[in-house]
Amino acid sequence: MGDKVRVAAVQAEPVWLDIDGTTNKTIDLIAEAASGGAGLVAFPETWIPGYPVFLWSYPVYEQMEFVARYHANSPTLDGDHLRRIREAARRHSITVVLGFSEKDAGSLYISQAVIGPDGEILLHRRKLKPTHAERTLFGESDGSGIKVIDTPLGRIGALNCFEHIQPLTKYAMYAQNEQIHVAGWPCLGILGNVPALSPETLMACTQTYALEGSAFVVAATQIMSDDGARKFPTADGGPTPVYTGGGGYARVYGPHSGLITEPLDPTTEGIVYADIDLAEIDLAKNTVDPAGHYARADVTRLVFDDRPQKPVIRPSELDPQEFQDLGMDADQENDTSHR
């Protein structure tokens, strides 16, 4: 594993509610990042087909048209749109961290996929708990998605949006010795005047993650143009009422918490690059390592269940302890299965 790598963070506007258009744009941005020398390129939360701004804009009964279009334009993990993006990653030999609305049968999930330079999916995760109004559209996940993986670039992990203010979720990530973290954010130009949702607050969360985790944090964000705001129109055709303009804050923070990229204008599309040296992490952790030498396990500890949880399980999938919890044993299951 090399210690140095160039990372790239996307700041761009999706083709709102258009799976084909945004997939094409994704492939173009992958090529651009690769031509810029990046070994990893990060995309925002729900980049495909764009963040569902309508959830925050209108009463539920006025959202139905948008909900139908959003379902129709959300990709599946094994579908053609992800296949094309995986092929682009392989063609350009670059690691891609993609945020997308994942359609799984009749449900949607706020998902991220880490796609390796060979086009293989190295990590597929779903947002542990959608935030506030998002819960009317998206399902929840489980602890199996709170994961850091080994790659030739380093140990990579990813979270979406307000997962970055969940102390225990963050701690579970820190404890896995994460080195490169991708922070997927939506457009920060909606509800930007609300203090808790302001760009300043959300970037402070991102910077704090770098400080606490002693990790390089690659933050990718969507932007929204005036035309984009009219993709979610009011009754008279005006822009969505929650639009506050721009919203692009792509950047990279170092493990010492310092900003190591020059910010783009919040209304401008582009890619920011940073050349990072993983050796800097050792110096950062020498000062504070909250899940390492700076921890006090005798006082506070995290119980972290990272097992996948399914709504339907069959007896053949249970382990012996789970059989006992159900008042059965494996022999009973075997006897039953032969009757």
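Observations
- The alpha-carbon atoms of the stretch 1-114, seen along their principal axes, cover 52, 26, 23 angstrom, with the largest extent given first.
- Dipole size of the chain about its Cα centre, with +1 on Lys/Arg Cβ and -1 on Asp/Glu Cβ: approximately 280 debye, rounded to the nearest 20.
- Proximal lysines relative to LYS147, as straight alpha-carbon distance under 17 Å, when same-chain residues fewer than 8 apart are discounted: LYS127, LYS129, LYS170
- For CYS187, the residues 5 or more places off, or on other chains, whose built amide H falls under 5 Å of its own are TYR51, GLN222.
- Residue among GLY247, GLY37, GLY213 with the largest mean-square fluctuation in a Gaussian network model of the chain, springs linking Cα atoms under 10 Å: GLY37
- Between the stretch 178-230 and the stretch 45-61, the Cα center-to-center distance that results, in Å: 17
- Our estimate of slack between ASP277 and GLU120, defined as 0.36 nm per intervening residue step minus the Cα-Cα distance, is 54.0 nm.
- Integer Hz, Karplus 6.51/-1.76/1.60 couplings in order for the stretch 243-250, x for Gly and Pro: 6, 10, x, x, x, x, 9, 5
- Comparing VAL218, ALA31, PRO14 along the charge dipole axis of the stretch 4-287, the residue lying farthest to the positive side is VAL218, per the Cβ-charge model.
- A DSSP coil position with no more than 12 other Cβ atoms inside 10 Å describes the following GluC sites (Glu not before Pro) in the stretch 71-167: GLU120.
- For GLY246, distant residues with modelled amide H under 5 Å away: MET224
- Separation of the ASN286 and ILE165 label points, Cα + 7 Å toward Cβ, nm: 3.5
- Dividing the summed helix terms, -39500 (n - 2.57) for each DSSP H run of n ≥ 4, by the number of residues in the chain produces a 222 nm estimate of -7500 deg cm²/dmol to the nearest 500.
- For the stretch 23-143, the relative contact order works out to 25 percent when only alpha carbon pairs closer than 8 Å and six or more residues apart are counted.
- R0 of 45 Å, Cβ-Cβ distance ASP80-HIS293: FRET efficiency to nearest 0.05: 0.40
- Residues whose amide H comes within less than 5 Å of that of LEU153, counting only those at least five positions distant or on another chain, are absent (H built at 1.01 Å from N in the peptide plane).
- Fraction of beta bridges assigned by DSSP in the chain that are antiparallel (%, nearest 5): 60
- Protection proxy ranking, peptides 204-212, 284-292, average beta carbon neighbours within 10 Å, highest first: 204-212, 284-292
- J(HN,Hα) series, the stretch 95-101, from Karplus relation 6.51 cos²θ - 1.76 cosθ + 1.60, nearest Hz, glycine and proline x: 7, 10, 10, 10, x, 7, 7
Rule-based calculations on the coordinates, nothing more; no lab input. These figures come from a predicted structure and were not determined experimentally. Ideal geometry is used to build each Cβ from the backbone, glycine not excepted, and the neighbour counts take in all protein chains shown.
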